[in-house]
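Heads up, the thing below is written out as structure tokens.
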Amino acid sequence: MIAPALLSRTAILLSNLRIGGGPMAIRVRVSSKHQIAVPASVRKQLQIEGGDHLLVEVREGHVVLVPEPRDFAAHLRGLHRVIWQGVDPDEYVRRERDAWQD
């Protein structure tokens, strides 16, 4: 097993290791210009095409690449649908505006 401190300092995924119990990691090399190539199997699985943008996050010392949604409105559609069930939007906005004027 590789020490967590070593993993947190590297930007490559190591092959033949199961990180966090997930699927096998795929090894990529960081170029001298600090670039990586997203493996074809990952591009196909996530439907990433040339020119797409990825969001880069650091989570607990690991680099996480997430495809940026092409349409944020469509991506967020239905978010918290259960919370807003049975709520009349016009009535909700009216009550909020009334609260601001108190």
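The values are calculated or read from the model by the stated rules, or taken from the named source; none is laboratory data. Being a predicted model, the structure only gives us computed values, none of them experimental. Here the Cβ is made from the backbone with ideal geometry for all residues, glycine too, and neighbour counts use every protein chain on show.
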Out of VAL38, VAL63, VAL56, report the one residue that is out of contact with any His (no Cβ under 7 Å at 6 or more places or on another chain) and surrounded by fewer than 11 Cβ atoms within 10 Å (Cβ to Cβ).
VAL56
Whether any residue in the range 69-86 is modelled with pLDDT under 90, hydrophobic (A, V, I, L, M, F, W, C) and in a strand (DSSP E or B) is what I want to check.
no
Which of (1) in a loop (DSSP other than H, G, I, E, B); (2) over 30 Å from VAL28 (Cα atoms) does ARG97 not meet, given it meets every other one?
(1)
Tell me yes or no: at least one residue of the range 52-61 is under 17 Å from ALA25 (Cα atoms), more than 13 Å from the chain's Cα centre (by Cα), of a type outside the set (D, E, K, R) and modelled with pLDDT under 90.
yes
